[in-house]
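Novice: Take a look at this one; I'll ask things after.
Here, each number is a calculation from the coordinates, and none is a lab measurement. Keep in mind that this is a model prediction, so the values were computed, not measured. Virtual Cβ from ideal backbone geometry, glycine too; neighbours counted across all protein chains shown.
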Amino acid sequence: MKLIARGRDADVYALDGSKVLRRYRSGGPTEQEARLMAHLAACGFPVPRVHEATGTDMVLDRVPGPTMLETLTRRPWQAGSLGRLLGALHDRLHALPAPHWLPTRFASQAGNRILHLDFHPGNVILSPAGPVVIDWRNAAAGDPAADVAMTLVTIGNADLPGWVLRTVRGRLLRGMRRGTRTDPGPRTGEVTRARLADPNLTSGEAARLARRMANPS
């Protein structure tokens with residue numbers, strides 16, 4: 001198998017021209033993630049089709065196209081419009097009530113919705129048919145404000161490859177704030193603390209988040 005992508009906790013291999021294998025290095029199970037993706041597809045939300053899920057592995061449709069992150073690197077002038085698209089995708093997801101079997105995190109008194117909780121440009125593929133959202137490992141039921149806050153905190157404190165992305169980060173975030181109807185403010189502090197506890201953070205990301213916690217203004 002040919003390795004075509006490597007994330008913080010999973011590797012993606014090409015099986016053929018139409019399917020990929022996503023394998024988690026830290027273990028499974030993958031069955032609940034696959035179940036959620038099937039549920040989202042049935043609701044009309046754009047996710048890859050899951051063919052098989054066993055243990056640490058999932059076999060998925062291979063979605064053609066660059067990620068939003070790759071497009072930002074090649075076409076930085078599109079940062080504002082891509083940010084608005086990212087915000088609109090959040091709203092589209094948060095219109096869906098959470099299924100009863102999805103674990104709850106950042107619970108909402110107004111009714112739990114499906115949260116991705118790792119919704120950054122590297123997890124959006126811009127296919128010819130439209131955007132497709134991948135990597136549902138962290139998904140939970142909860143308050144949409146937490147999902148939007150998690151994306152803003154993640155992007156705002158990420159180690160970005162190259163000066164181009166660092167330069168356009170602000171425009172991307174402003175575009176996202178304009179693209180979503182959800183105010184992340186009430187959940188930002190809580191989400192920052194949760195993000196700081198992520199064992200996959202780099203030392204640079206952890207330092208920036210710690211400074212943010214010490215100086216929330």
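Novice: By the scheme Lys and Arg +1, Asp and Glu -1, what is the net charge of all other residues having a beta-carbon under 15 Å from that of G65? Could the numbers behind the result be given before it?
Specialist: Working: positive: R62, R74, R75; negative: D61, E70.
Overall, the nearby charge balance is +1.
Novice: Would you order F106, F119, F45 from fewest to most other beta-carbon atoms within 10 Å of each residue's own beta-carbon? List each step's numbers first, then the result.
Specialist: Details: F106 21, F119 26, F45 17.
Ascending Cβ contact count within 10 Å gives the list F45, F106, F119.
Novice: By how many nm would the segment from S26 to S127 grow when fully extended, if each residue of separation counts as 0.36 nm and the alpha-carbon distance is taken off? Can you show the working numbers first?
Specialist: On the way: separation 101, 0.36 × 101 = 36.36 nm, distance 2.87 nm.
Length difference between fully extended and current span is 33.5 nm.
Novice: Given the Cα-Cα distance of D61 and T104 and 0.36 nm per residue of separation, how much length would full extension add, in nm? Please list the in-between numbers first.
Specialist: Values: separation 43, 0.36 × 43 = 15.48 nm, distance 2.78 nm.
Between D61 and T104, full extension yields 12.7 nm more.
Novice: With the contact rule set at Cα under 8 Å and sequence spacing of 6 or more, what percent relative contact order holds for the range 123-212? Write out the running numbers ahead of the final one.
Specialist: Working: 60 pairs, mean separation 29.4, N = 90.
The value is 33 percent.
Novice: Still on this structure, I have one more. Quote to one decimal, in nm, the extra length available between K2 and R35 on full extension: 0.36 nm per residue of separation minus the C-alpha distance between them. Working shown, then result.
Specialist: Numbers: separation 33, 0.36 × 33 = 11.88 nm, distance 2.62 nm.
Computed gain between K2 and R35 is 9.3 nm.
Novice: Quick test of the membrane-span-like rule: which DSSP H helices of the chain reach at least 15 Å along their long axis (C-alpha atoms) with mean Kyte hydropathy at least -1.0? Intermediate results must be reported in sequence, preceding the final value.
Specialist: Working: long enough: 31-42 (17 Å, -0.12); 79-94 (23 Å, 0.11); 144-157 (20 Å, 0.97); 163-179 (24 Å, -0.48); 203-214 (16 Å, -0.44).
Counting only whole DSSP H runs, the qualifying helices are 31-42, 79-94, 144-157, 163-179, 203-214.
Novice: So, one more: Once you put a point 7 Å from the Cα of W77 and another 7 Å from the Cα of E52, both along the Cβ direction, what distance in nm separates them?
Specialist: For the pair W77/E52, the computed spacing is 4.6 nm.
Novice: Charges only on Cβ, +1 for Lys and Arg, -1 for Asp and Glu: so what's the dipole of the chain about the Cα centre, in debye to the nearest 20? Numbers along the way, then the final one.
Specialist: On the way: 30 positive and 19 negative charges, 156 e Å.
Rounded to the nearest 20 debye, it is 740 debye.
Novice: Can you bin the range 2-61 into rounded, prolate or oblate? Criterion: square roots of the alpha carbon gyration tensor eigenvalues sorted a ≥ b ≥ c, rounded for a/c under 1.5, prolate for a/b above b/c, oblate for the rest.
Specialist: Numbers: a/c = 1.97, a/b = 1.31, b/c = 1.50.
Oblate is the answer for the range 2-61, as a/c is 1.5 or above yet b/c matches or exceeds a/b.
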